[in-house]
Structures are given as C-alpha cells and as structure tokens.
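Student: I'd like to ask you about the structure that follows.
The values are calculated or read from the model by the stated rules, or taken from the named source; none is laboratory data. Since the model is a prediction, treat every value here as computed from it, not as a measurement. In this analysis, Cβ positions are derived from the backbone assuming ideal geometry, glycine residues included, and neighbour counts consider all displayed protein chains.
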Amino acid sequence: MAGDMTASLRSVVAMVEQLADQGCVDWPRPFQLDAGQRALVLAPHPDDETMGCGGLLIQHAAACGVACLTDGRHGDPAVPPETAATVRRGEFLQVMESLSLTDYKLFDVEDGQLAENLDRFADLDLGEFDYVFLPSPFEQHPDHLAVTPLVARLLRQRPYKEQLKLAFYEVWSTLPAPNSFVDLSGLAEAKRQLIATYASQVKQIDYPDRIMALNRYRGMVVHRPHAEVYTLVDARTFLRVA
C-alpha cells in the first residue's frame, strides 16, 4: 500500500514538473471562449458535467457539446441497475433542457466498465473543438481515470485542431496545478440547482453542498466568492505526458 502511494505521488509530481516546463502552470486566469470557438465536455457519468463544469455550461451552453460516456447504472444501490440507468438518463436530459443545450450524446457504456470499452468511442470526433474538458488524471474513480487514455487514443488516431487545448476539471480529487477558472459570481445558485437535478445521487450524498464548498474554496485563490478551476494543457503537451 505504501509503495503504491509513493508511486502515485511521484507520478503527480512528475506530471506537474513537465507541465511547468511547458509553461502550463501559472496562477489561474479567467477562462475565455472566443466567438466561434467550441468546447466539448466529456462526462464519465450523468452529473459529472454539471459538478465539474456547470458554470462553464451555464455561461457558454450554445458553444458547448457534452458527451456522457457511461449509463451510471451502478450509481443507486437501492434500485435495479436498469432502473438506475433510466433514471439517470432522465436527469441528464433534464439538465440539458435546463441549459438549453442541444449538442449532447449519451454513449451508454456500462457504469464502471469505461476502461474496458474504449473501442466504443472510435467515432467520437474531437476535430471540431477548440477545448476538450475531461476529468483530472489524478481522480480516484476508475471511470474518471479512463477518460485520459481515451482522449490520448482519439488524438493519436484522428486529426484535431492545431490550437486544441485540453482542460482538466475536478470532481473527486482536487487539481494540483489549476491555471484557469470560471467565475461563478451570480451563477452559484444556478449551478447548485443543476446539481440538485440529479436527485438519485443527491439522496446519497449532498453533492450541491459538497461541490459548492469546493467551488467556494477555489474562489479563495482567485478572489471570487465561488469559482470552477481547470488545468489547461495544449494537446501536443498532453500527448507527451499522457
């Protein structure tokens, strides 16, 4: 156990050092999506897009796409998996409707099996996007961790924009070196309500309270009441360290 923890810590330090060498580590700066630019949020489960990037989606829904990768069927032990998957799909669709966001796709890979089903995403085209948001590679959930090798595989197999940047977000684990943020001033309550839409999950953990506490903490370093933070990395740098 101690050896595994030491190796994990070393990998975190190594990645941060490489990002610093590439000039990717800095005090967080306001995230800006310019006119005509597009962003894709990759959500391992229905709710991750809202917890990690809800402020981004509220501000830029018309310029964003969302890809929900698994069906979340194991997210509610009180009901059968098929029922849980149906409920969580409905909650996700309700969030998309609340955001007036129409560019989304559900891939419906079985919850917990993302790493074993990377081939299911061969037609996921990142080529039209300027930013791709994905969970931090330091997350502890296996489905969250699997998104990093998925994106690396897609970038190595298909063309992408020269200026493409990846934006890592946080849900279960905090980012070690955030360099960008979305100001949630005036948006915090709207984000809280979006998270609360996932009632099947909130009945188990008070995610609105926990995530907004994280956003409040992140606001400290950028002198805002609440903020979402990300680590932005250009695609070529990412492929060197992925």
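Student: Only one of these conditions is not met by GLN140: (1) crowded, with 16+ Cβ neighbours inside 10 Å; (2) at pLDDT below 95. Which number is it?
Tutor: It is condition (1) that GLN140 fails.
Student: Still on this model: Would you mention how many residues in the stretch 84-143 are closer than 23 Å to GLY55 by Cβ and charged (D, E, K, R)?
Tutor: Going through the stretch 84-143 one residue at a time, the tally reaches 9.
Student: Can you tell me which residue within the stretch 1-40, out of those that are basic (Lys, Arg) and at pLDDT 60 or above, is surrounded by the most Cβ atoms within 10 Å (Cβ to Cβ)?
Tutor: ARG38
Student: Of the residues in the stretch 85-130, how many are farther than 16 Å from THR197 by Cβ, within 19 Å of the chain's Cα centre (by Cα), aliphatic (A, V, I, L, M) and not in a helix (DSSP H, G or I)?
Tutor: Going through the stretch 85-130 one residue at a time, the tally reaches 4.
Student: Which residues, counting only those in the stretch 213-242, are charged (D, E, K, R) and either in contact (Cβ under 8 Å) with a residue 60 or more places away in the chain or surrounded by 16 or more Cβ atoms within 10 Å (Cβ to Cβ) (or both)?
Tutor: ARG218, ARG224, GLU228, ASP234, ARG240
Student: Just the residues that are of a type in the set (Asp, Glu), at pLDDT 95 or above and not in a helix (DSSP H, G or I), please, taken from the stretch 48-84.
Tutor: ASP71
Student: Taking the condition of being among the small types (Gly, Ala, Ser) and under 20 Å from PHE181 (Cβ atoms), how many residues in the stretch 118-149 meet it?
Tutor: Qualifying residue count for the region: 1.
Student: Could you please tell me which pairs satisfy a Cβ distance under 8 Å, a separation of 6+ or placement on different chains, a first residue in the stretch 104-128 that is at positive phi, and a second residue that is at pLDDT 95 or above and of a type in the set (Val, Ile, Thr)?
Tutor: ASP108/THR70; GLY112/THR70
Conditions tested, residue by residue: (1) crowded, with 20+ Cβ neighbours inside 10 Å; (2) closer than 27 Å to LEU232 by Cα; (3) of a type outside the set (A, V, I, L, M, F, W, C); (4) out of contact with any Gly (no Cβ under 6 Å at 6 or more places or on another chain).
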position	(1), (2), (3), (4)
LEU42	yes, yes, no, yes
ASP48	yes, yes, yes, yes
LEU69	yes, yes, no, yes
THR83	no, no, yes, yes
THR86	no, no, yes, yes
SER100	no, yes, yes, yes
ASP108	no, no, yes, yes
LEU118	no, yes, no, yes
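Student: Residues that are of a type in the set (Val, Ile, Thr), buried (at least 20 other Cβ atoms within 10 Å of the Cβ), touching a strand residue (DSSP E or B) at 6+ places or on another chain (Cβ under 6 Å) and touching a residue at least 24 places away in the same chain (Cβ under 8 Å): does the stretch 204-212 have at least one?
Tutor: The answer is no; no qualifying residue exists.
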